[in-house]
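The values are calculated or read from the model by the stated rules, or taken from the named source; none is laboratory data. Remember, it's a predicted structure, so these values are computed and weren't measured experimentally. For neighbour counting, all protein chains shown are included, and Cβ atoms are generated from backbone atoms with ideal geometry for every residue, glycine included. What goes into the accessible areas is simple: the full protein's heavy atoms, side chains included, and nothing from ligands, DNA or RNA. Shrake-Rupley method; radii C 1.70, N 1.55, O 1.52, S 1.80 Å.
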Amino acid sequence: MIEKVFKAYDVRAIYPEPLNEAVAFKVGYGSAKYLLAQDRSGLAKPNTVVVGRDMRPSSPSLSRALSDGIRAAGMDVLDVGLIDTSFIYFAINDLGAAGGIQGTASHNPAQYNGFKISGRKAAPIGSGSGLEKIREIAMGVEETGARKNITGTYAEIDLWDAYRKHVLGFLDLKRPLTVVVDASNGMAGLMVPKVFYNVPNLTIVPMLFEMPGTFVHEPNPLVDSNLKMLKEKMGTVGAGGKCDLGACFDGDADRCFFIDEKRASVACDMLTALMAKDFLQRPEGKNAAVVYDLRCSHVVPDEIKAAGGTPVRERVGHAFIKKTMAEKKAVFGGELSGHFYFAGNWYADSGAIAFARVLSILSAQPKPLSELIKPLSRYFQTGEINFKVADKAAVLAELKKRYASGGGGKLDELDGVTIDLDGWWFNVRPSNTEPLLRLNLEAKTPEMRKEKLAELQTLLGEPAEGH
């Protein structure tokens, strides 16, 4: 059963079956044994794994079992308690630990839980970067015997003051702002008060900050219907129902989505373009690289080049973005999914730092957020649309034949199939786990977007329900 909980980027499944305390122990043991075999030279705490957890009802017991597994493998545990996922990346680097594990199922429903595993300097451990080895070790360990050899130590540590100082180093408010924050009944309900309350010039109107372990709405702001309550709340705030912007965090608060003062959702690639320009204008960002995932609008490389930076396209997924950022010494990185990465945060993503930077950019001039985004909205996108396809390889082959070799488009296969044509482009990526193809299409006019989407649907079929 244990093999079912290992996914492409993390461990995630329904509690208590197939994910339970026995499995958590084995995941902890496998992770520690893997980390012990890695290069730990130069670390302040080379034998320590940092452990944190989210607010799900199953998280405390799973975290205890995970910690026991780590200690049974011979490593020490520093428990940082109830935290947002970005906190674990900070803690690993601040302490100089060998790695860290955050107990969370991110934006999944309440019955799910899981673990995000990181190595030294918070490097992600996923498919192709060690997760298969951890799974192999975990599947081979016998819990009863392993528990007899718990030699690692356990201690709890509070790093909130240091974390607050780190995050607020990215915040510089030049004028007062009022923000409605939807914590989605997730970890932002703890993080936002601890980090952003009592900050001069910042008024936060809290929404769904309670953490009962269940969710009033799905904790996934990528789905527009989950932003409805936030938009309604924004209409009741301030004089005449005015506030500067809204922000919605996902369940583990490593992603933050924004709503402008007109209560319109701001696409994450527009935010990538906005923040890229901001970082490139700083002395430390001059002529630097910015990494973005290949689903993003062409406005992103346009803006990076215009600001004197080097745009770097990359595959979808934090493991690829972080690795390329480190290699290119990029100042910033962004994904369409709402993950934003910062050189000043060890190339790790952070919802809290994204929140701080967007507020800082907005406060630096008198324009509202909608006016900052308006000049960036010069192309027309479909957003990501999923199609249920029985033979994914055959459809991808037909797309290449029709639009690249037969249609004169420029083809690349960095991640799925991307074809750039006259006035429009599209990317189609196969899902790793489902019979789905994921389409992103962009055109120079709304009419062309509609026409080309209809054209592609003759090959892809009707959009999949529930995706």
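Here is how the numbers come out for the structure above:
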read-out	value
When residues of the range 358-385 are limited to those that are assigned to a loop (DSSP other than H, G, I, E, B) and small (Gly, Ala, Ser), the one least open to solvent (accessible area, probe 1.4 Å)	Gly383
Yes/no for Lys323 being modelled with pLDDT of 95 or more, surrounded by fewer than 21 Cβ atoms within 10 Å (Cβ to Cβ), within 30 Å of Arg120 (Cα to Cα) and touching a strand residue (DSSP E or B) at 6+ places or on another chain (Cβ under 9 Å)	no
Test: residue in the range 337-354 that is modelled with pLDDT under 95 and either closer than 19 Å to Met270 by Cβ or not in a helix (DSSP H, G or I) (or both)	yes
Residue, most open to solvent (accessible area, probe 1.4 Å), within the range 141-161, restricted to residues that are touching a strand residue (DSSP E or B) at 6+ places or on another chain (Cβ under 8 Å) and among the β-branched types (Val, Ile, Thr)	Thr153
Pairs where the first residue, in the range 150-164, is touching a residue at least 12 places away in the same chain (Cβ under 8 Å) and the second is of a type in the set (Ser, Thr, Tyr), C-beta under 7 Å, 6+ apart	Tyr154/Ser67
The lone exception for Gly383 - which of (1) at pLDDT below 95; (2) in contact with a strand residue (DSSP E or B) (Cβ under 7 Å, 6 or more places away or on another chain); (3) under 29 Å from Ala188 (Cα atoms) it fails	(2)
Residue among Ser31, Ser63 that is within 26 Å of Asn185 (Cα to Cα), out of contact with any Pro (no Cβ under 8 Å at 6 or more places or on another chain), modelled with pLDDT of 95 or more and surrounded by 24 or more Cβ atoms within 10 Å (Cβ to Cβ)	Ser63
Members of the range 386-410 that are open to solvent by less than 30 Å² (accessible area, probe 1.4 Å) and within 26 Å of the chain's Cα centre (by Cα)	Asn386, Phe387
Members of the range 439-461 that are touching a residue at least 40 places away in the same chain (Cβ under 8 Å), under 16 Å from Asp391 (Cβ atoms) and either open to solvent by 30 Å² or more (accessible area, probe 1.4 Å) or not aliphatic (A, V, I, L, M) (or both)	Leu459, Gly461
Filter result for Ser31 (farther than 23 Å from Thr153 by Cα and either in contact with a Gly (Cβ under 9 Å, 6 or more places away or on another chain) or among the aliphatic types (A, V, I, L, M) (or both))	no
Test: residue in the range 286-300 that is in a helix (DSSP H, G or I) and either in contact (Cβ under 8 Å) with a residue 60 or more places away in the chain or within 22 Å of the chain's Cα centre (by Cα) (or both)	yes
